[in-house]
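Shown next, in structure tokens, is the structure this report addresses.
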2 protein chains.
Amino acid sequence: MKIAISGKGGVGKTTITATLSKMFSENDYNIFAVDADPDANLATTLGIPEEEAEKIKPLAELEDVIEEKNDGGGAFISLTPKVDDTLDDYAYNLDNIKFLRMGEIKQGGAGCYCKENSFLRSIVESLLTDKEEIVILDMGAGIEHLSRGTSRAVDILIIVIEASQVSIETAQTVKKMAVELGIPAVKVIANKVFDEDAEELIKDNFSDEEILGFIPFNKEVMMSAMTKGSNEQTYQALKADMEVIYNNLLRGGGSK
Amino acid sequence: MKIAISGKGGVGKTTITATLSKMFSENDYNIFAVDADPDANLATTLGIPEEEAEKIKPLAELEDVIEEKNDGGGAFISLTPKVDDTLDDYAYNLDNIKFLRMGEIKQGGAGCYCKENSFLRSIVESLLTDKEEIVILDMGAGIEHLSRGTSRAVDILIIVIEASQVSIETAQTVKKMAVELGIPAVKVIANKVFDEDAEELIKDNFSDEEILGFIPFNKEVMMSAMTKGSNEQTYQALKADMEVIYNNLLRGGGSK
């Protein structure tokens, strides 16, 4: 199963990605958890110690590898570098989870970074098409790491939303892009649902089939966000709330 | 005064950008308000009606203009297209505010978008260096629209944070980038401060000089986020809370 997770910043994408990854891992699935959102910190949210997380090189920075895989660069940009072997080398292992950080494409300065972009897209392609493991991609509000070609390999795109107009607008935009890209299933998880009005707002904007589940507002999760290294606490607090969603996913709830 | 606003997704950058823009406008300042974050909706947050906002073309999509300003493309990419005259043509006027939407650099597919990136960076450069008006840039967590050259023209970078470890981590990363880029003043605004512990966490991580102000958690703002077109309500609710920050900015609080 290949899962991409998107949604507006701040809705809880990374927390949900980490919780699902750990649930899969606890249930003996092997998974790749990929931080594809520069505005996120999946490594520490998964529970990788900060000192260790800092040492994990983002794939975008592996310039030597990029050079090599792209035949040294030059005027023409190879758009299909072979990167499959890179993935296992650069993953950080945590229980049954292999963690990868994509990193940000540098845009400052005057250089051209199309090669790096192409490299990152081919990593996503390799993950989605060559790997047996479950793959979870924590993406930003944009889903630009996906191309028309690789999108068909995504089984489900989950858009995380909260009860606000802006997060719903972002979700609608992402949904439209996903349909255009040909992603077979697009679902939403409603996070931080604080009361019945909030639930109502979600139901007014998405059909029952689209909604993979509701996660109630959880004060414990909010409080533990203030504390460094409290990921285990957050995980325990969220696991129960996400049981239904997890089982839905396993039962192929994504593609029904 | 040229102001750039950054911070983790979901902390309230856009709401704060819109509130400051309207406060400047109400006080007879002419300002450019620039949506430079694809994961945001500054137009509707400012109160531009949705039908109107949809029609505002993002500058990134003005391909003809890009072609023209870049001498028709070709193998060499002109990195300093003249774009000053484009800005007034494409701004949407609302009271004393000229609104511009940067738009997202398309990354899907196989093309090279360095030209478009270069065009957008030169727009930012032109705004920061050629304009008399106050300029507020609503940026994402990344500040990649700024280059080493243009950053010196930014008077103050405001990083919006909330009481969570991840938003503080993002702020530290942005601060480091800003210092490397040579931005003269970097300050934080703490948003959604829900209690004394939250305030304490901010004070533990930033010095008094760095903190431009605290905005208390405001239930009215949260509730109005659920309603379409409630920007005026949000503005009135936030204005009083932001008076001190606004005056700090006017008094050059940014650069003291």
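The values are calculated or read from the model by the stated rules, or taken from the named source; none is laboratory data. A quick note: this is a predicted structure, and the numbers were derived from the prediction, not measured. Note that we place each Cβ from the backbone using ideal geometry, even for glycine, and neighbour counts take in every protein chain shown. Heavy atoms of the whole protein, side chains included, go into the accessibility calculation; ligands, DNA and RNA do not. Shrake-Rupley method; radii C 1.70, N 1.55, O 1.52, S 1.80 Å.
Side notes on the structure shown:
- Counting only helices (runs of 4 or more DSSP H) wholly contained in region B:153-256, the ones carrying 2 or more residues that are away from chain A (no Cβ under 11 Å) occupy B:165-181, B:196-205, B:231-250.
- Just so you know, in region A:147-181 the residues that are within 22 Å of A:Asp88 (Cβ to Cβ) and open to solvent by less than 10 Å² (accessible area, probe 1.4 Å) include one that is farthest from the chain's Cα centre (by Cα), and it is A:Thr150.
- Residue count for region A:210-235, restricted to those that are open to solvent by 80 Å² or more (accessible area, probe 1.4 Å) and under 20 Å from the mean Cα position of the chain (by Cα): 1.
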